[in-house]
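Before any comments, here is the structure.
The values are calculated or read from the model by the stated rules, or taken from the named source; none is laboratory data. Being a predicted model, the structure only gives us computed values, none of them experimental. Here the Cβ positions follow ideal geometry from the backbone for every residue, glycine too, while neighbour counts run over all protein chains shown. With ligands, DNA and RNA removed, areas are computed over all heavy atoms of the protein, side chains included. Shrake-Rupley method; radii C 1.70, N 1.55, O 1.52, S 1.80 Å.
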Amino acid sequence: MDFAYSTDQEAWREVVAAFLDDRAPLAKTRVRAERGDGPDTDLWRRMADLGLHGLHVPEHNGGQGFGVEELAIVQEEMGARLVGTPYVASTVLAATLLAALADAEPAAADLLARVATGDLTGTVALWGPGTGWVDDGPGVRAAPAGAGSVTLTGTRTLVPYGADADLLLVTARHDDRPALVAVTGAAAGLDRRTVKGLDLTTRYATVTFAGTPGVLLAEGEAARAALDRLADHAYALLAAEMVGGARACLENAVEYAGQRHQFGRPIGSFQAVKHLCADMLAELELARSAVLFAVWAVQTGDPRAASAASTAKALAGDAYLFIADAALHIHGGMGFTWEHDSHLYLRRARAASLLFGDAGHHRERFLRHAGFGPDPVPAP
């Protein structure tokens, strides 16, 4: 494979970057985050006009029919600007999960078509209190309610944009088997509470179900297969977002090092600063290469996709943390102030490195997929 995007894909990057610079600059995101605003509905509609919501959804399901690589480019550019939208929740997570079920389940296909156009904002509720990525344990129970319907009882935590989404895809236990259930945001017995997190540009919620009606989309092996497919997509695409954020931190640090003068010369001319910037670039390029391979493997269905996605998630998380911290220090005293953007990137780096499992979990997952241990386990 080529460890680079094609000419057409780079042209797509320019389109996405220009759109985000115009409609979702970091200054705007920062103001909305400090006010505690919900999702920007105008931005969401304009993203739909550009076809972003259904980018990797098959054309017969109402999407654009592109691949994971094109979606990774969008993720990288959004990460570079800390765009605060339900895009990861709806397009990366919910749409991917629905696409894995759509061919066998008409209800999933109908929901996917609406998510792909942006008419529905989706999210996934996969975590239970004290559990990691994809909990299908007894935290949420599904009781039969007739004609493919169920009622849910239990709690899910850290649901991205869970208080804002029109559609929630929930993991539950049904007849002692893992199940995936679709719940509308207006369903009875649904309690959604926004929780304050470390990342100020992203919204999470705790969602409680109390006899909440939903539609059973899949159970048993079909549900587990869809969740496994979602996991590899989520890991690779979150890694792409982290690479975008790390790239922005490095660019900002290098620019500042060339402008800030001390002892009559730019601080970037000092050996210690030059070496630090070189280390940041080396970490970024390592993570970028891992992401390129991971998105290619996921897109082509390569048997190494699971290990590649975990490798990318681990390397991108470590790189983002290191680069965001180093960029803050290069900015000196100004970088430590609330008014500067450095802390927003560092907060996103810390949160994203833990989301869907930390680097330690993903290194363990890589080893297990490589045959050095039992089957992969959920993140701690």
*Would you please classify the overall shape of the stretch 117-204 from the alpha carbon gyration tensor, given that a ≥ b ≥ c denote the square roots of the eigenvalues, rounded means a/c under 1.5, and beyond that prolate means a/b larger than b/c while oblate covers the rest?*
oblate
*Can you tell me what the convex hull of the Cα atoms of the stretch 222-261 projects to on average, as an area in nm²?*
2.5
_GNM top mover of ALA89, ALA143, ALA319 - the chain, alpha-carbon springs below 10 Å_ = ALA143
*So, with +1 on the Cβ of K and R and -1 on the Cβ of D and E, and no other charges, what is the size of the charge dipole of the stretch 17-170 about its Cα centre, to the nearest 20 debye?*
500
*Distance from the Cα centre of the stretch 62-104 to that of the stretch 150-221, in angstrom?*
19
*At a Förster distance of 35 Å, what's the computed FRET efficiency of ALA351 paired with SER289, Cβ-Cβ distance as r, to 0.05?*
0.90
_For the full complex of protein chains and a 1.4 angstrom probe, list SER310, SER149 by accessible area with the highest value first._
SER149, SER310
*From the Cα gyration tensor of the stretch 172-236, with a ≥ b ≥ c the square roots of its eigenvalues, which class applies: rounded if a/c is under 1.5, or else prolate if a/b is larger than b/c, or else oblate?*
oblate
*asked:* Using the basic label-point model (7 angstrom from Cα toward the beta carbon), what is the LEU198 to GLU10 distance in nanometres?
replied: 3.5
*Point-to-point label distance, THR41-ALA188, nm (Cα→Cβ direction, 7 Å offset)*: 2.7
*Compute log10 of I(q)/I(0) for the stretch 325-368 with the Debye formula, placing one identical point scatterer on every Cα and leaving out solvent, at q = 0.23 Å⁻¹, to two decimals.*
-0.73
*Which percent of Cα-Cα pairs in the stretch 228-380 sits in each 10 Å bin, short to long?*
12, 37, 28, 15, 7, 1
*Once you charge only the Cβ atoms, +1 for Lys and Arg and -1 for Asp and Glu, what is the size of the charge dipole of the chain about its Cα centre, to the nearest 20 debye?*
1060
*According to the square roots a ≥ b ≥ c of the eigenvalues of the Cα gyration tensor, what is the shape class of the stretch 185-290, taking rounded for a/c under 1.5, prolate for a/b larger than b/c otherwise, and oblate for the remainder?*
oblate
*Would you work out what percent of the accessible area of the chain, with all protein chains in place, is carbon or sulfur (probe 1.4 Å)?*
54
